[in-house]
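Q: This structure is in structure tokens; I'll ask about it shortly.
The values are calculated or read from the model by the stated rules, or taken from the named source; none is laboratory data. Source: prediction; values computed, not measured. For neighbour counting, all protein chains shown are included, and Cβ atoms are generated from backbone atoms with ideal geometry for every residue, glycine included. For the accessible areas, the whole protein counts, side chains as well, though only heavy atoms, and no ligand, DNA or RNA atoms are used. Shrake-Rupley method; radii C 1.70, N 1.55, O 1.52, S 1.80 Å.
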Amino acid sequence: MKLASWNVNSLKVRLPHVLQWLADTQVDVLCLQETKLTDDKFPVAEIEAAGYQVAYSGQKTYNGVAILSRHPLANEVKNNPLFPDEQQRIIAATIEGMRIVCAYVPNGQTVGSDKYAYKLNWLASLRDWLAAELQAHPSLALLGDYNVAPADRDVHDPAAWVGSVLVSEPERAAFQALCALNLTDAFRLFEQPDKVFSWWDYRQMAFRRNMGLRIDHILLSPPLAARCTACIIDKAPRKLEQPSDHTPVIATLAS
DNA sequence: ATGGCACTCGCTGAGTGA
């Protein structure tokens, strides 16, 4: 069983990459963020033709999330019931006995801005909701673009980034508050090479220079963490023509 | 240094992202 997450930065533009990547990797579950499509524009037929069921929640221009699954997908929930929000950033579903939560955490723009406050409130409310979800669903995975680099080793140049949005102490504390629900960063269950990232700026040849951040994560509750045998970030899609600025993260679970 | 680039809406630029 392979679970994956990918911020595609427009599913309209990236659909060919997604379909090719599904064919190549055969992941069981793929969580997408930044689809940037209203639901009436979602490419259901193309995804179903690839052998995936899909749940999606979108809006025009911004945000938008989806879960693609090779297995039956049930009990779909859009957004956090504790956090009324116009922005479509969360979708959840139950697949093969696992509660899959796909999240696009707000960016926060700049430390101290209104959007930063929204981000911290959003994350605090996510924590509260997940605490309840975990009571009902002990096997839970939270996959998505967290817009938080949890530690300095997740940042290409920690000195250059110190205190800024995506790495600030309150954001990292919010990430740790999620971990404190007994959720484990699947990537850190394993020995990993240095300087592995999931996002690189489009500018300044950042990808070629590996000037990146690790901000896309898969957190697993104890029953799933116990089954996790690998977690990797697949850089291949970032090398394609017209790539997303993010690249997928994949966790493998033993059956 | 607030730039750089990509995406969207919908216009000839602005907003947002990370």
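Q: In the structure displayed, which of A:41/A:235; A:60/A:115; A:60/A:235; A:12/A:239; A:36/A:195 lie more than 22 Å apart, Cα to Cα?
A: Details: A:41/A:235 28 Å; A:60/A:115 19 Å; A:60/A:235 28 Å; A:12/A:239 19 Å; A:36/A:195 29 Å.
Cα-Cα > 22 Å for A:41/A:235; A:60/A:235; A:36/A:195; rest within.
Q: A follow-up question, please. If you roll a 1.4 angstrom probe over the protein chains with everything in place, what fraction of the accessible area of chain A belongs to carbon and sulfur, to the nearest %? Display every interim value, and only then the final one.
A: Working: 5630 of 11010 Å².
Solvent-exposed carbon and sulfur of chain A make up 51 percent of the total.
Q: Sticking with this one: For chain A, place one equal point scatterer on every Cα, skip the solvent, and apply the Debye formula. What is log10 of I(q)/I(0) at q = 0.09, 0.14, 0.15 Å⁻¹?
A: Listed by q, the Debye log ratios stand at -0.34, -0.90, -1.06.
Q: For the range A:75-168, which GluC sites (Glu not before Pro) are both in a DSSP coil and crowded by at most 14 other Cβ atoms within 10 Å? Mind showing how you got there, number by number?
A: On the way: sites: A:76, A:86, A:96, A:133; in loops: A:86, A:96.
Qualifying residues, ordered by number: A:86.
Q: Give the long-range amide H neighbours of residue A:52: residues separated by 5 or more places, or on another chain, with amide H under 5 Å away, using H modelled in the peptide plane at 1.01 Å from N.
A: Under 5 Å from the amide H of residue A:52 lies no amide H from a residue far enough along the sequence or on another chain.
Q: Moving on. Mark the label point 7 Å from the Cα of residue A:128 along Cα→Cβ and return the residues of the range A:72-86 whose backbone N is within less than 20 Å of it.
A: A:77-86
Q: Continuing with this model, one more query. Which residues' amide hydrogens lie under 5 Å from the amide hydrogen of residue A:212, considering only partners 5 or more residues apart or on another chain, with H built in the peptide plane?
A: The answer is A:156.
Q: Under the classification rounded if a/c is under 1.5, otherwise prolate if a/b is larger than b/c and oblate if not, where does the range A:22-171 fall, given a ≥ b ≥ c as square roots of the Cα gyration tensor eigenvalues?
A: Working: a/c = 1.69, a/b = 1.58, b/c = 1.07.
Since a/c reaches 1.5 and a/b is larger than b/c, the shape of the range A:22-171 is classed as prolate.
Q: Charges at C-beta only: +1 for Lys and Arg, -1 for Asp and Glu. How large is the resulting dipole of chain A about its Cα centre, in Debye rounded to 20?
A: For this selection, approximately 340 debye.
Q: Next question, about the same structure. Scanning chain A for chymotrypsin sites (Phe, Trp or Tyr not before Pro) in DSSP loops with at most 16 other Cβ atoms within 10 Å, what's the longest stretch left with none?
A: Working: sites that count: A:62, A:190, A:202.
The segment A:63-189 is the longest one with no such site.
Q: Hey, another quick one. Show me, for the range A:2-10, the HN-Hα J-couplings you get by feeding each phi into the Karplus relation (A = 6.51, B = -1.76, C = 1.60, θ = phi - 60°), rounded to Hz, glycine and proline as x.
A: 10, 10, 9, 9, 8, 7, 8, 6, 5
Q: Determine ³J(HN,Hα), in whole Hz, for all residues of the range A:24-40 in sequence, where each value follows from phi through the Karplus function 6.51 cos²θ - 1.76 cosθ + 1.60 and θ = phi - 60°; x replaces Gly and Pro.
A: Each residue's phi maps through the Karplus curve to give 6, 9, 6, 5, 7, 9, 10, 9, 10, 10, 6, 5, 6, 10, 5, 4, 5 Hz.
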